[in-house]
Amino acid sequence: MATDERARWNRGREIMDDVYGKGFSATYYAAERTQPYHRETVEHLFGDVWSRPGLSVRDRRLLVIGATAALGRADLVRIQALGALRNGELSPDELREGVLQLAFYTGWGNATSVDRGIEDAIADHEKETAE
């Protein structure tokens, strides 16, 4: 892999860790990958999009939580909520309040999934901070 490609890969991983917590990128991308989806996720989505100056990480995270809530994806909400808790961007009470707000826009069924993701993230974070 060329030096400039390696630098983009490393920058994307650094931003992933800024967004989700130190060491997060190693759980998904421990080694450099050549598959297009993986490269675009690390280099473009994180290295270019999440690092743009127009919105804070918190703002971007709230947008992603809303989008994943509309999809009913508890697993993706959990990842975002845990990142928000690790970074001190949102409190458990704020995340829980967000579930009610989203219920009226994404539907009660999707909000049930969002609630599960939020509560799982809060439990994960409590466990991490207790250790």
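The table below gives the values:
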item	result
Count of residues meeting criterion [touching a residue at least 24 places away in the same chain (Cβ under 8 Å), charged (D, E, K, R) and outside any helix (DSSP H, G or I)] in the range 1-60	1
Positions within the range 26-73 being polar (S, T, N, Q) and at pLDDT below 90, in sequence order	Thr27, Thr34, Gln35
Positions within the range 83-121 being open to solvent by 40 Å² or more (accessible area, probe 1.4 Å) and of a type in the set (Gly, Ala, Ser), in sequence order	Gly88, Ser91, Gly109
Residues within the range 37-57 that are closer than 26 Å to Asp115 by Cβ, surrounded by 14 or more Cβ atoms within 10 Å (Cβ to Cβ) and of a type outside the set (Phe, Trp, Tyr), tallied	1
Residue in the range 71-82 that is surrounded by fewer than 17 Cβ atoms within 10 Å (Cβ to Cβ), acidic (Asp, Glu) and closer than 26 Å to Thr129 by Cα present	yes
Selection within the range 76-109 - without any contact (Cβ under 8 Å) to a residue 40 or more places away in the chain and either closer than 16 Å to Glu126 by Cβ or outside any helix (DSSP H, G or I) (or both)	Ala84, Gly88, Glu89, Leu90, Ser91, Pro92, Asp93, Glu94, Leu95, Arg96, Gly107
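The values are calculated or read from the model by the stated rules, or taken from the named source; none is laboratory data. Computed from a predicted model, the values in this text were never measured in an experiment. No Cβ is skipped: glycine too gets one built from the backbone with ideal geometry, and neighbour counts run over all protein chains shown. Surface accessibility is based on the protein's heavy atoms, side chains included, excluding ligands, DNA and RNA. Shrake-Rupley method; radii C 1.70, N 1.55, O 1.52, S 1.80 Å.
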